[in-house]
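Enquirer: The structure's right below; bear with me while I get my questions together.
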């Protein structure tokens, strides 16, 4: 009997998804109207302990709106991570602003020490504005990404943002369910500490609506404006009065029905992912040349993705590991290519990029679905114990 395929990250749809979606179809509320959208927004806000949530079509559209409501314009710059999925940075370009790329630390999130050094040494701060000395442009905001369910150092980031009058947009698209266990922001969820935060419900995320996303905030004015912009900037719904350019970004009732059923299961998904992470870590860390990157000990992570670090003492390299696992019907992937190396970002400003290059060369993601069974995790480990060049 041949070994079954073990995917990297797939949806787990074993709750009330069919029931809720069928009800949306039966009642014929399938578009952006319908009760499930409002209910899903309310339940996400309750779960994340924030004042409100505004649904959107995906995490990317949420980031676009997040930048807009924070006042970022084409004349501004936004400090962004260099090691993340490109969808986190593209919305900066949608607005016409320019990114400045920052290195990561060992948690793969933004390096706060380098961020502080950039603001102190490469910029000037006068009359409440941080100006990039090299470009003479206003540095308006920070776009922080919580990578793989880890959490950036928000205490350090908010301190810097307050000192230099920077808006903070949290890309928490990979981190719904992650929160601080102690410190200044104890019990604060990823996405709820900056000005706005964004969650994603793409098919590979810990919970999914197929596509879909959510903008969250504790600032009611920003939430109101986000709702306005995501629904075509309609000032008078009856007479179709529009005072600004808006966007058709609202989530559909079908998506929200799926999302509600998924949200009901989120804590169970996190528990399963934690157990599989701990199994992987205990077993893989015994294999010479391999280790699983850790999540910070001051957070409760959602354990979204597991990062396998391959050092030079292992018998095969990153690309050979991916090829070998594929030959064993195990899906894996490299970490994202550095965004500044992508064609649309050639010539963008970078600041002391070191760690990101190291992790790019050494990290592979391995199967992490919330429905990954122990037998399959054991198979992945056994494969890694006997690597081969294929």
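Enquirer: Just to confirm my numbers, what's the Cα centroid distance between the stretch 1-45 and the stretch 144-172 in Å?
Expert: Result: 30 Å between the Cα centres.
Enquirer: Between 208, 241, 109, where does the largest GNM mean-square fluctuation fall for the chain, given springs only between Cα atoms within less than 10 Å?
Expert: 241
Enquirer: Moving to a separate point now. Would you calculate the separation in nanometres between label points at residue 247 and residue 4, each defined as 7 Å from the Cα along the Cα-to-beta-carbon direction?
Expert: Using points 7 Å along Cα→Cβ, the separation is 3.9 nm.
Enquirer: While we're on this one: What FRET efficiency, computed as 1/(1 + (r/R0)^6) with R0 = 41 Å and r the Cβ-Cβ distance, is obtained for residue 385 and residue 19, rounded to the nearest 0.05?
Expert: 0.45
Enquirer: Sticking with this structure for a sec: Dividing the convex hull volume of the Cα atoms of the chain by its residue count, what figure in Å³ per residue is obtained?
Expert: Numbers: hull volume 56.3 nm³, N = 390.
It is 144 Å³ per residue.
Enquirer: When the chain is fully extended, how far beyond the present Cα-Cα distance does residue 342 get from residue 42, taking 0.36 nm per residue of separation?
Expert: Answer, rounded to one decimal: 104.2 nm.
Enquirer: While we're here: To check you understand DSSP bridge types, tell me what percent of the beta bridges within the chain (both residues inside) are antiparallel, rounded to 5.
Expert: In the chain, DSSP labels about 60 percent of beta bridges as antiparallel.
Enquirer: Could you tell me how far the Cα centroid of the stretch 118-132 sits from the Cα centroid of the stretch 206-278, in Å?
Expert: A separation of 34 Å, based on Cα centres.
Enquirer: Between 264, 28, 375, which gets the highest mean-square fluctuation from a Gaussian network model of the chain, Cα cutoff 10 Å?
Expert: Maximum among the listed residues: 375.
Enquirer: Compute the separation of the alpha-carbon centres of the stretch 286-323 and the stretch 347-390 and state it in Å as a whole number.
Expert: If we compute the Cα centre of each part, the gap is 5 Å.
Enquirer: Another one. Relative to the present Cα-Cα distance, how much length would full extension add between residue 117 and residue 333 at 0.36 nm per residue of separation?
Expert: 74.5 nm
Enquirer: Below 8 Å, C-alpha to C-alpha, sequence gap of six or more: please give me the relative contact order for the chain in percent. Let's see the in-between values first.
Expert: Working: 856 pairs, mean separation 91.3, N = 390.
Over the chain, the number comes to 23 percent.
Enquirer: Going by average Cβ neighbours within 10 Å, how do the peptides 283-294, 182-193 rank, with the highest at the top? Spell out each step's value before the answer.
Expert: On the way: 283-294: 15.6, 182-193: 18.7.
Order by mean packing, descending: 182-193, 283-294.
Enquirer: Right, another one. Could you work out the helix-only [θ] at 222 nm for the chain, with each DSSP H run of four or more residues adding -39,500 (n - 2.57) and the total divided by the number of residues, to the nearest 500 deg cm²/dmol?
Expert: Details: 12 runs with 133 residues, N = 390.
About -10500 deg cm²/dmol.
Where a number appears in this text, it was derived from the coordinates with a stated rule and is not lab data. Please read these numbers as outputs of a predicted model, since none were measured by experiment. For neighbour counting, all protein chains shown are included, and Cβ atoms are generated from backbone atoms with ideal geometry for every residue, glycine included.
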